[in-house]
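The values are calculated or read from the model by the stated rules, or taken from the named source; none is laboratory data. Keep in mind the model is a prediction, meaning the values are calculated, not measured. Cβ coordinates were reconstructed from backbone atoms using ideal geometry, including for glycine residues, and neighbour counts include every protein chain displayed.
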Amino acid sequence: MKLCVLILSTQESSFQSFKQAIRETWAAELIDSKIDYFFYEGNYKSTLLDGDTIKLNCKDDLGNVYDKLVEALKLLKSKKYDYDCIFRTNLSSYIDVEVFKKYINHFNINSRSYIGIHGEARVITEFLYSFKYLRWLSRYIWAGKIINYKSGAGFFIGNKLVNILLETRKSNIFFLDDVMIGYLLEQTEYEECPIFRFDIRIDNSHKIDKKLFEKLVNDNHLFHYRLKNENRNFDIKMMYSLKNKDQRIEICSY
């Protein structure tokens, strides 16, 4: 199976260290495993592929994350990069590439896969989110149609489903990319399987029993670690530390 990792990125200067840390850790292991990866980001004058970065002629802000994803996928299609499946993640992720490959084989990830941590959102809540002055209202709305989606922190989406996204005209309703994908694939049959994500917190509250941690890894469930703390220096330091297996066990377990 031909797979690509797409990493939601930005030109914002405060995130450049994350990109460098990824390049020097798990992206380097993807290269060794002959798995393609690309950062994708907006605010360029033209859309083009430059090394490991897809530069997009669209806005780079949160309100355009779905457009950024679609434009990145269109570029790959135009360049004849016909991947069977995409794993979409972001700059706060660390991927254990060895387990990542085992997970893909173990669960037979394919062109009809749509796999990620399950989430739910309400249409009215997501609609209000696009209006910054009304955003606070969304916290108090518990009614309306529910959208089931896979968390944007990291999800697989197969090529057959990518084609549906590219062929579907986007409505005028604003949703973040993960919610928008769930919305557009609502009536589509797809294949899914269990998936796990390990969130690393600066206060060490994430730590679990060592035997449980090792079981998750050995059972090919745990390949995705998320570093999303307010202290970005801590997250970057952790990304380098996770590259070492012994340090990874120490960081994640007791």
Exercise. Within the range 45-55, which residues are crowded, with 20+ Cβ neighbours inside 10 Å and under 16 Å from the mean Cα position of the chain (by Cα)?
Worked result: Ile54
Exercise. Among the listed residues Phe39, Phe18, which satisfies the condition of being within 24 Å of Ser111 (Cβ to Cβ) and at pLDDT 95 or above?
Worked result: Phe39
Exercise. Say we look at the range 212-254 and pick out the residues that are part of a loop (DSSP other than H, G, I, E, B) and in contact (Cβ under 8 Å) with a residue 40 or more places away in the chain; which of these is surrounded by the most Cβ atoms within 10 Å (Cβ to Cβ)?
Worked result: Phe223
Exercise. What residue, of Asn244, Asn220, is modelled with pLDDT under 95 and not basic (Lys, Arg)?
Worked result: Asn220
Seminar exercise, completed: The condition from (1) touching a strand residue (DSSP E or B) at 6+ places or on another chain (Cβ under 6 Å); (2) crowded, with 21+ Cβ neighbours inside 10 Å that Asp36 misses is numbered (2)
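Yes or no, residue by residue, for (1) of a type in the set (A, V, I, L, M, F, W, C); (2) within 18 Å of Ile109 (Cβ to Cβ); (3) surrounded by fewer than 21 Cβ atoms within 10 Å (Cβ to Cβ); (4) in contact with a helix residue (DSSP H, G or I) (Cβ under 6 Å, 6 or more places away or on another chain):
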{"site": "Ala28", "(1), (2), (3), (4)": "yes, no, yes, no"}
{"site": "Lys59", "(1), (2), (3), (4)": "no, no, yes, no"}
{"site": "Asp67", "(1), (2), (3), (4)": "no, no, yes, no"}
{"site": "Lys74", "(1), (2), (3), (4)": "no, no, yes, no"}
{"site": "Lys80", "(1), (2), (3), (4)": "no, no, yes, no"}
{"site": "Thr89", "(1), (2), (3), (4)": "no, yes, no, no"}
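One line per residue, one yes/no per condition, for (1) within 16 Å of the chain's Cα centre (by Cα); (2) assigned to a strand (DSSP E or B); (3) without any contact (Cβ under 8 Å) to a residue 40 or more places away in the chain:
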{"position": "Asn43", "(1), (2), (3)": "no, no, yes"}
{"position": "Asn57", "(1), (2), (3)": "no, no, yes"}
{"position": "Asp60", "(1), (2), (3)": "no, no, no"}
{"position": "Leu73", "(1), (2), (3)": "yes, no, no"}
Problem set entry | Enumeration of residues in the range 165-212 that are farther than 27 Å from Arg112 by Cβ, within 22 Å of the chain's Cα centre (by Cα) and modelled with pLDDT of 95 or more | Asp199, Ile200, Arg201, Ile202, His206
For this session: Please indicate, with yes or no, whether at least one residue in the range 129-142 is outside any helix (DSSP H, G or I) and modelled with pLDDT of 95 or more.
Result: no
Problem set entry | Test for Glu230: is it within 30 Å of Lys160 (Cβ to Cβ) and not aromatic (Phe, Trp, Tyr) | no
For this session: Search the range 194-205 for residues that are aromatic (Phe, Trp, Tyr) and pair each with any residue that is modelled with pLDDT of 95 or more and part of a strand (DSSP E or B) when their beta-carbon atoms are under 8 Å apart and the residues are at least 6 apart or on different chains.
Result: Phe196/His224; Phe198/His224; Phe198/Tyr225; Phe198/Arg226
